[in-house]
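The values are calculated or read from the model by the stated rules, or taken from the named source; none is laboratory data. What you see is a predicted model, and the numbers here were worked out from it, not measured in a lab. Note that each Cβ is placed from the backbone with ideal geometry, even for glycine, and that neighbours are counted across all protein chains shown.
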């Protein structure tokens with residue numbers, strides 16, 4: 001049954017080629033297999049063949065650009081297992097970043113070790129770093145993150161190619177912020193949205209009792225390490241064969257007036273929503289695709305529907321994606337979210353648009369219009385027909 005797909009008479013037969021022979025080929029879907037990984041002792045060798053040579057990054061570029069629609073990456077090597085401090089090969093650096101993007105999306109570029117962009121900005125930061133090193137932690141100062149800099153970045157001892165957490169001090173960077181809101185809320189929110197776990201130490205507390213604050217940070221870092229280890233073990237148990245994935249989506253025909261674009265490449269225009277207070281529904285981007293995260297994600301979806309309904313299903317997907325810090329909402333995110341829609345919520349269809357309604361309100365009983373959030377433009381296709389009818393009556 002499968003043999004005809006490999007024959008020369010097929011328009012585009014299935015092909016199996018190595019890095020050396022794939023140049024010039026192209027297919028709708030490509031499977032990219034990594035033949036590198038840890039040995040029996042868990043050690044990661046950094047001999048990646050052609051990628052270690054000068055120009056190796058160009059060969060990697062050839063390998064990962066052969067797919068028209070979708071590229072699937074699989075193997076036993078994860079990006080945080082590649083320690084760039086042990087190699088100067090550009091091709092290996094690009095491989096690590098590519099694997100990070102395949103696993104986590106664009107947010108990986110905000111949390112990868114890029115090297116210090118400067119020394120400690122104050123004696124306070126220097127002393128905090130030194131005391132953490134005495135506790136056994138590896139610390140790097142001033143790590144660049146999308147225009148921000150983490151004061152102190154603590155390396156994950158299990159994965160030298162990744163950071164465990166960032167420590168923010170109320171030093172020079174803190175005091176350069178224009179407002180208290182920028183200093184105390186926005187900066188940390190942005191960094192956490194990029195995937196950082198942020199710990200904070202205040203200079204007044206430090207000068208009062210540096211030993212106590214050091215112990216507090218040490219305990220918090222150990223707790224974070226335990227959480228990361230549990231998450232890795234769970235991921236290995238639930239998906240042992242899946243290492244990384246890139247899903248390149250085909251675009252709908254813009255000339256088709258009936259086409260409804262389910263994807264967005266930029267979620268910055270999607271207004272944020274607030275979930276219930278506390279950590280119970282805190283989104284975790286690193287677990288989004290894990291099977292054991294489904295109940296937690298279902299609770300987030302239910303909470304978001306309560307806050308937004310009636311809402312278009314694609315808009316709901318975009319909100320969930322933004323809550324998790326993703327820059328786009330593609331097919332896999334859409335399918336995962338829509339599969340968790342509660343059965344209790346009524347759905348209506350208008351011109352190929354699906355609207356999800358609150359559990360306590362029937363569409364026919366809807367009698368009000370909700371203006372857009374301040375500073376946001378109203379898309380005429382966002383409100384359902386019943387809401388526009390309520391606006392006309394008003």
Could you list, in sequence order, the residues of the range 181-211 that are at pLDDT 65 or above, within 26 Å of residue 156 (Cβ to Cβ) and not in a helix (DSSP H, G or I)? 195, 196, 197, 198, 199, 200, 201, 202
Can you run down the residue pairs with Cβ atoms below 6 Å, 6 or more apart or on separate chains, where the first is in the range 131-156 and closer than 17 Å to residue 224 by Cβ and the partner is modelled with pLDDT under 80? 140/116; 150/143; 153/143; 156/162
Identify all residues within the range 61-101 that are within 16 Å of residue 161 (Cβ to Cβ) and assigned to a loop (DSSP other than H, G, I, E, B); write none if there are none. 75, 76, 77, 78, 82, 83, 87, 88, 89
Modelled with pLDDT of 90 or more and farther than 28 Å from residue 20 by Cα: is that true of residue 112 in this structure? no
Filtering the range 142-153 for residues that are in contact with a helix residue (DSSP H, G or I) (Cβ under 6 Å, 6 or more places away or on another chain) and at pLDDT 80 or above leaves a count of 2
Condition test on residue 66, is it modelled with pLDDT under 85, buried (at least 17 other Cβ atoms within 10 Å of the Cβ) and closer than 26 Å to residue 331 by Cβ? no
So in the range 355-382, with the set limited to residues that are under 29 Å from the mean Cα position of the chain (by Cα) and more than 18 Å from residue 306 (Cβ to Cβ), which one is modelled with the highest pLDDT? 381
Residue among 259, 244, 226 that is in contact with a strand residue (DSSP E or B) (Cβ under 9 Å, 6 or more places away or on another chain) and either at pLDDT below 90 or in a helix (DSSP H, G or I) (or both): 244
If we keep only residues of the range 303-317 that are out of contact with any strand residue (DSSP E or B) (no Cβ under 9 Å at 6 or more places or on another chain) and surrounded by 17 or more Cβ atoms within 10 Å (Cβ to Cβ), then the residue nearest to residue 71 (Cα to Cα) is 317
In the range 318-335, the residues that are crowded, with 18+ Cβ neighbours inside 10 Å and under 16 Å from residue 283 (Cβ atoms): 318, 319, 320, 321, 322, 323, 324, 325, 326, 329, 333
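Residues checked against (1) touching a residue at least 40 places away in the same chain (Cβ under 8 Å); (2) more than 26 Å from residue 100 (Cβ to Cβ); (3) in the same structural domain as residue 71 (by TED's automatic domain parsing); (4) not in a loop (DSSP other than H, G, I, E, B):
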| residue | (1), (2), (3), (4) |
| --- | --- |
| 294 | yes, no, no, yes |
| 325 | yes, no, no, no |
| 343 | no, yes, no, no |
| 349 | no, yes, no, yes |
If you check every pair at least six apart or on different chains, which have Cβ atoms under 6 Å apart with a residue in the range 371-386 that is farther than 16 Å from residue 316 by Cα first and a residue that is surrounded by 11 or more Cβ atoms within 10 Å (Cβ to Cβ) and modelled with pLDDT of 85 or more second? 385/350; 386/363; 386/366
